[in-house]
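Participant: Sharing a structure here in structure tokens format.
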Amino acid sequence: MSTRAGKFVSADDLITEVRKRAFDEVTARRPELPEDERRKIAAAVGLAAIRYDIVKVSPEKSTVFDWKEALDFERQSGPYIQYAHARACSILEKAGDFTECFELETEQEIALAKQIARFPGIIERVVAELRPNILAIYARELADTFNSFYHFEQVLKSEGKVKDRRLTLVLAVQNTLKEALETLGVDAIRSM
């Protein structure tokens with residue numbers, strides 16, 4: 001699209017193309033899922049890609065929509081944040097019951113807890129400044145911090161209080177990402 005050159009793409013065409021590309025990506029990652037489930041996930045991922053790509057940009061700046069970046073499951077996109085949420089859901093589902101524990105010890109646990117604790121202040125700032133891009137950036141940063149935590153810390157293979165405190169953090173991440181995504185108008189899907 002280019003307003004100067006007079007080139008426009010309709011919203012319907014954009015949504016159709018993004019859903020097609022999202023379906024291809026979901027199929028490549030999860031071919032074992034039934035087609036109807038892959039289509040459902042692709043629809044949520046496609047809309048997340050568009051919505052997040054638009055809202056992450058500061059209102060006073062122009063935006064450039066890039067297919068590859070918008071549908072990147074690995075970084076800085078709506079699907080990336082959805083994927084972090086789905087990962088948290090999967091961990092909690094596999095874990096079953098646990099006792100909440102708030103005795104943090106490791107650097108990664110503390111960093112994650114601090115990032116989660118920023119959420120209420122972020123919401124206040126978004127509302128006061130009318131800048132949803134602040135929430136979009138926060139959600140991506142929380143997904144980054146969670147993925148780093150998950151990379152460095154054993155969650156399901158840990159035991160006792162260590163497992164309980166790590167699962168408590170995963171639950172807090174799941175809840176916070178869900179609230180952030182839904183506030184941005186993005187589906188917090190449980191599986192990808």
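Read-outs: derived from the displayed coordinates by stated rules, not from any lab. Predicted, not measured: the structure shown is a model, and the values here were computed from it. Because the Cβ atoms are built from the backbone with ideal geometry, glycine has one as well, and the counts that use them run over all protein chains shown.
Participant: For a quick check: sort LEU177, LEU47 by the number of other beta carbons within 10 angstrom, fewest at the front. Working shown, then result.
Facilitator: Details: LEU177 26, LEU47 18.
If I rank by nearby Cβ atoms, fewest first, I get LEU47, LEU177.
Participant: Taking loop as defined by DSSP and a crowding limit of 14 other beta carbons within 10 Å, which trypsin sites (Lys or Arg not before Pro) in the range 129-192 fit? Write out the running numbers ahead of the final one.
Facilitator: Details: sites: ARG140, LYS157, LYS161, LYS163, ARG165, ARG166, LYS178, ARG190; in loops: LYS157, ARG190.
Counting only loop positions with at most 14 other Cβ atoms within 10 Å, the trypsin sites (Lys or Arg not before Pro) in the range 129-192 are LYS157.
Participant: So how strong a dipole does the range 11-183 carry about its Cα centre when Lys and Arg Cβ are +1 and Asp and Glu Cβ are -1, to the nearest 20 debye? Present the calculation step by step, with values, prior to reporting the outcome.
Facilitator: On the way: 26 positive and 31 negative charges, 12 e Å.
It comes to approximately 60 debye.
Participant: Follow-up question, since we're still on this one. Please arrange VAL57, VAL26 by how many other C-beta atoms lie within 10 Å of their C-beta, fewest to most. Let's see the in-between values first.
Facilitator: Numbers: VAL57 15, VAL26 25.
The fewest-first ordering by Cβ neighbours comes to VAL57, VAL26.
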